[in-house]
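The values are calculated or read from the model by the stated rules, or taken from the named source; none is laboratory data. Only a predicted model underlies this, so the values are computations on that prediction, with no experimental measurement involved. FYI the Cβ positions are ideal-geometry reconstructions off the backbone, even for glycines, and counts take in every protein chain you see.
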Amino acid sequence: MEILILMVIVGTFLLCLASYQDLKTTEISDGIPYLIIILAISLYTIQGFMINDFSNIIISLKVGSLFLVSGLILHHFSQWGDGDAWILGGIAFLLPFRPLELFFNTIFIIMGFMFFYCFLIAFKKPSVFGYFFNDIKKHKKGLMNFFILCAFISLPIFSTIHLFFYVPMINLVYTFGSMFMLLFGLIIGTRFLVIVEKEIFTRRILTSELREGDFLTKEYLKLLYKNNKLLSKKDIKFLQENKKAVWIKEGVRLIPAFLISYLFTLFGGSLIFW
């Protein structure tokens, strides 16, 4: 028990430190996720020797490796930074016993965090809200048609479930309403994220200020003959020799969302299993 408490305390401290660095500088120290993984493996191994049962370390290695590899694949396709991938893997090494809860909690908390973060950031440039409302007005007909189509598709399905499986209609109405509101929030939120990315997260900087791992916008990827938006040292050298300035995109700083997901899952929370 003392080993698990030590692991939780040190793991939480390291994740808090990574969150602080991410919010302050958009980067985290490479050593933090490595320390988290080493901490988990070491303490689960010690626990195995103490109780003569190594099932926990085996589960930790399996689940942690799966999450880490999945995160690195997303990183390869420029969906987030390498630090995000390693932190996700580190958390899975720490909390390997409820992988489905950890997976879904992380997805939903990241989505909510992204919307909240972008909403706060938008106040730096209030005109973003005007662009957003104009965008919704521009696409309102398409949005209405989409939701009407969803209703026409869903009603026969729910009616069939009610008639043949004797599920109370009130439960189906509640389910339909919840799904509708979630879908509505996702679509509207995604449009808002697109506006914020274009107006705030995309900026022009001197090539001398480029850092490894920065995200290039599409037009400059053609110069490098690559699809991966993440810059390497070789890419930076080439751009510095051929361009004075380029456009890059900043992403949402996700490490605090991983911290929230870790704590929520640690204390038994689940956003998908009730």
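Scanning segment 119-137 for residues being more than 13 Å from ILE195 (Cα to Cα), of a type outside the set (A, V, I, L, M, F, W, C) and free of Cβ contacts under 8 Å to residues at least 24 places away in the same chain gives a total of 1.
Against the definition (part of a helix (DSSP H, G or I) and at pLDDT 75 or above), how does LEU172 come out, yes or no?
Taking the combined requirement at face value, the residue does not satisfy it.
Screening LYS141, LYS125 for residues that are out of contact with any helix residue (DSSP H, G or I) (no Cβ under 8 Å at 6 or more places or on another chain) and over 30 Å from SER270 (Cβ atoms) leaves exactly one candidate, LYS141.
A single member of LYS234, LYS243 is outside the structural domain of LEU88 (by TED's automatic domain parsing) and loosely packed, with under 13 Cβ neighbours inside 10 Å, and it is LYS234.
Exactly one residue out of ILE236, ILE205, ILE255 is touching a Lys or Arg at 6+ places or on another chain (Cβ under 9 Å) and at pLDDT 80 or above, and it is ILE236. Where helices (runs of 4 or more DSSP H) sit wholly within segment 75-169, those with at least 3 residues that are in the same structural domain as SER19 (by TED's automatic domain parsing), surrounded by 19 or more Cβ atoms within 10 Å (Cβ to Cβ) and modelled with pLDDT of 85 or more occupy 82-94.
Within segment 194-207, being touching a Phe, Trp or Tyr at 6+ places or on another chain (Cβ under 7 Å) and in a helix (DSSP H, G or I) holds for ILE195, GLU199. Being under 17 Å from the mean Cα position of the chain (by Cα) and either buried (at least 20 other Cβ atoms within 10 Å of the Cβ) or in a helix (DSSP H, G or I) (or both), is that true of even one residue in segment 5-14? No. The one condition from (1) farther than 30 Å from ILE9 by Cβ; (2) modelled with pLDDT of 80 or more; (3) buried (at least 16 other Cβ atoms within 10 Å of the Cβ) that LYS249 does not meet is (2).
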